[in-house]
Amino acid sequence: MKIKDSFRSRSFRVGGYSLLATAFVIALSIAVNALVSSLPASLTQFDISSHQLFTISDETKNLVGGLEDEITIYWVVQSGEEDSTLQLLLEQYEALSDQLAIEKVDPDVSPTFLQQYEISTVYNNSLIVERGDRYRYVDYNSIYTYDYTDYSTQFAGEGALTSAIDYVTREDLPKLYVLEGHGESSLQTTFSNALAEQNVESETLNLLTAGAVPEDADAILIDAPQSDISSEELALLEAYLQEGGKLLMVSDPMENMPGWEALLEAYGVSAADGIVVEGDANSYAWDMPYYLLPALGSHEITSVLAENGYSVLLPLAQGLTVSDELPDGVTVTELLTTSEAAYSKADGYAMETLEKEDGDISGPFALAVAITQELESGEESQIVWVTSSSLLDEQINAQVSGGNEDFFVNAVSWMLGEEDSITIHAKSLSYDYLTMDSQTSALLKVLTVGIVPLVFLGIGIVIWVRRRQR
């Protein structure tokens, strides 16, 4: 009887309620965990890293989110050797589209898997992006790169992977010809890699030997010619432009090069003699008035840079002036401009002072222009002209955190008619340390070790005393 009565006691009922509440909380926790684990990584993982290491760019979201065909990313990695940073990146990609699948392949378990691909050496934690019979191998060494400017390791996984996805979704790749025969510079690694990331094929072109611009030329790049163009070559370029051609010219301040200048003048743009010097301290860098930080104009090429706060750095540039009366069908947009206080030293490289002298030309000037001409055929020719070869210098580019590279990529993309250029910067894996002086450090120690605990102890004593008095 006593046992039966114990089940009716108040203590049993309270214990039963507690047991049921505990069971309910456990069941709810399991359900919530199961629900959360089924959610995409974009909703469950938050990027609090200082360099936004795991934040996906808009370029990637637009490309992957708009996929129409199924794409598989094979993650080639031995079991237990998975790179955690790469894994988080892949989870972010997988969450962007139902058309994209991630499959892990262990070469020890599936030794014949890689035989179907023409890849000589495959490194652990590398990727193979595949759509149908088209694929691209993303080497692990292109996912992690080393920046020699600040001696840091960079994570370039997003740029490499997005470029690979863009590659397999294309049927035809644009072709860029790089002109030679006038002492032109060769593209440095950073900029040639930027073209490759855009999936732009490049090939050299000598007009004297070719005799014509190839029919498959989507655009032509002229990088810092050291001698003038011949009249025959100039005629070939003019004919190419009159058929809807695209031309990107990056030049040093020109002296005695009437051929190149004539190409510009035909579109209402003339080059001022000499080298531009800035009179506005906010428009140059490193206390050197010829290290120009031009203002960004309003154009597809510059809008993304302006939105993201990037600058373009142009040491030793030549000024351009746009005529008030342009030829029919021609539109000229000033992409990069100096301040009103700028002037051009007429003596150029022979100048002996940076101060403005008699004979120097007053600004402002354009340092880069975008020229568009509507042709009678209905096609459109385009020219982008930048008057400093330092635009394509790796060290100068590093001083503006890749701003020059972005300008170059955007200019190429605009000429090729690409709506979304892939300008995804590698992200540093270095740590940002909090540095403080010894006085501040000592104050924080006293505050956290002494004062804060004493405050909480005092609050506790006050609460205890009040309860005792009740």
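The values are calculated or read from the model by the stated rules, or taken from the named source; none is laboratory data. Computed from a predicted model, the values in this text were never measured in an experiment. Virtual Cβ from ideal backbone geometry, glycine too; neighbours counted across all protein chains shown. Quick note on the areas: whole protein, heavy atoms, side chains included, nothing else; ligands and nucleic acids left out. Shrake-Rupley method; radii C 1.70, N 1.55, O 1.52, S 1.80 Å.
Considering only the range 242-258, I want to know if a residue exists there that is within 26 Å of residue 138 (Cβ to Cβ) and of a type outside the set (S, T, N, Q).
Let us first name the residues in the range 242-258 that are within 26 Å of residue 138 (Cβ to Cβ), namely none.
There is no residue in the range 242-258 that is within 26 Å of residue 138 (Cβ to Cβ) and of a type outside the set (S, T, N, Q).
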Answer residue from the range 73-129, given it is over 27 Å from the mean Cα position of the chain (by Cα) and hydroxyl-bearing (Ser, Thr, Tyr) and is least open to solvent (accessible area, probe 1.4 Å) among those = 117
note = Residues of the range 390-401 being open to solvent by 30 Å² or more (accessible area, probe 1.4 Å) and closer than 16 Å to residue 316 by Cα, in sequence order, are 393, 394, 395, 399
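What do you reckon, is residue 284 touching an Asp or Glu at 6+ places or on another chain (Cβ under 7 Å), farther than 14 Å from residue 388 by Cβ and open to solvent by 20 Å² or more (accessible area, probe 1.4 Å)?
Numbers: touching an Asp or Glu at 6+ places or on another chain (Cβ under 7 Å): yes; farther than 14 Å from residue 388 by Cβ: no; open to solvent by 20 Å² or more (accessible area, probe 1.4 Å): yes.
So residue 284 does not fit the description; no.
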request  = Determine, yes or no, whether residue 172 is surrounded by fewer than 18 Cβ atoms within 10 Å (Cβ to Cβ) and either in contact (Cβ under 8 Å) with a residue 12 or more places away in the chain or out of contact with any Leu (no Cβ under 9 Å at 6 or more places or on another chain) (or both).
outcome  = yes
task = Take residue 291 and decide whether it is farther than 29 Å from residue 379 by Cβ and either modelled with pLDDT of 95 or more or surrounded by 14 or more Cβ atoms within 10 Å (Cβ to Cβ) (or both).
result = yes
request  = Looking at (1) assigned to a helix (DSSP H, G or I); (2) surrounded by 18 or more Cβ atoms within 10 Å (Cβ to Cβ), find the lone condition where residue 334 falls short.
outcome  = (1)
